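Structure, as structure tokens:
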Amino acid sequence: PVNQVKLASIPAKGLRDYRLYLPLYNGTEELQLGVPKGAVVRAVPLPPGKPVVVYGTSIVQGGCASRPGMVHTAILGRKFDRPAINLGFSGNGKMDAAVGELLCKLDVAAYVIDCLPNMDAKLVTERTEPLVKQLRAARPETPIILVEDRRFTNSWITPAKAKFHDDNHAALKAAYEQLKAENVANLSYISGDALYGTDAEGANDASHATDLGFMRQADVFEPVLRAALK
């Protein structure tokens with residue numbers, strides 16, 4: 001399919017900066033930008049600083065954001081004025097060592113690992129420490145941030161879902177504490193209890209964020225990232 005949209009119609013003259021976000025789920029085979037006769041398009045240099053990479057699930061990928069710029073990785077990119085590499089994989093993102101190999105090749109400002117929504121406590125216990133140690137061996141100084149899974153917004157009336165989150169959070173926290181005890185440096189942690197807020201308004205299917213949920217996630221991530229990036 002071909003999508004065509006008018007992005008802006010501003011009669012005043014002068015150069016302006018635009019940031020174009022490509023689709024989160026649909027592949028882009030070709031992109032064309034049209035401008036009025038006499039107008040020019042110039043590439044803007046990338047912001048200073050290394051990018052932040054976020055590895056995770058369909059939530060990271062941007063499932064249910066109303067537009068590509070509203071996923072929390074894009075919001076954080078604007079907050080920090082630096083590129084944000086979105087490695088969200090719908091139905092996947094399980095701290096796989098093969099993805100760890102790719103992450104090790106990226107020269108980034110920080111690694112954010114947000115895989116728990118597609119993992120259970122057993123898998124979290126098995127894979128968290130190996131992935132962190134894999135990254136740390138390749139990048140001794142790069143901050144690593146572990147993120148608990150968000151709670152389903154209806155978990156307060158679904159005991160099985162509440163227990164799933166409780167077990168996942170406990171497994172990740174135990175791995176984090178063990179890594180800290182082993183003096184793994186530059187390691188941070190984000191709680192998942194309020195990633196969508198606490199009023200059940202942050203998701204549209206109890207699991208995937210609304211735009212409000214993505215804004216709230218970005219707000220929770222921001223101070224931890226700022227501290228990690230110093």
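The values are calculated or read from the model by the stated rules, or taken from the named source; none is laboratory data. What you are looking at is a predicted structure, and each value in this text was computed from that prediction instead of being measured. Quick reminder, even Gly has a Cβ in these numbers, built from the backbone with ideal geometry, and neighbours come from all protein chains shown. Note: accessible area is taken over every heavy atom of the protein model, side chains too, but ligands, DNA and RNA are not part of it. Shrake-Rupley method; radii C 1.70, N 1.55, O 1.52, S 1.80 Å.
Some notes on this structure:
- Which numbered condition Ala98 fails, given (1) touching a strand residue (DSSP E or B) at 6+ places or on another chain (Cβ under 9 Å); (2) aliphatic (A, V, I, L, M); (3) more than 25 Å from Gly202 (Cα to Cα): (1)
- Looking at Gly63, Gly49, Gly38, Gly34, just one residue is at pLDDT below 95, closer than 28 Å to Glu148 by Cβ and open to solvent by 20 Å² or more (accessible area, probe 1.4 Å), and that residue is Gly49.
- Yes/no for Thr142 being open to solvent by less than 50 Å² (accessible area, probe 1.4 Å), among the hydroxyl-bearing types (Ser, Thr, Tyr) and at pLDDT 95 or above: yes
- Picking from residues in the range 189-222 that are small (Gly, Ala, Ser) and assigned to a loop (DSSP other than H, G, I, E, B), the one that is surrounded by the most Cβ atoms within 10 Å (Cβ to Cβ) is Gly202.
- Single unsatisfied condition, Asp17 versus (1) out of contact with any helix residue (DSSP H, G or I) (no Cβ under 6 Å at 6 or more places or on another chain); (2) among the charged types (D, E, K, R); (3) within 23 Å of Pro117 (Cα to Cα): (3)
To keep it simple, each residue is scored yes or no on (1) more than 28 Å from Val124 (Cβ to Cβ); (2) of a type outside the set (Asp, Glu); (3) out of contact with any Pro (no Cβ under 9 Å at 6 or more places or on another chain); (4) open to solvent by 80 Å² or more (accessible area, probe 1.4 Å).
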| position | (1), (2), (3), (4) |
| --- | --- |
| Ala43 | yes, yes, yes, yes |
| Gly56 | no, yes, no, no |
| Val71 | no, yes, yes, no |
| Gly93 | no, yes, no, no |
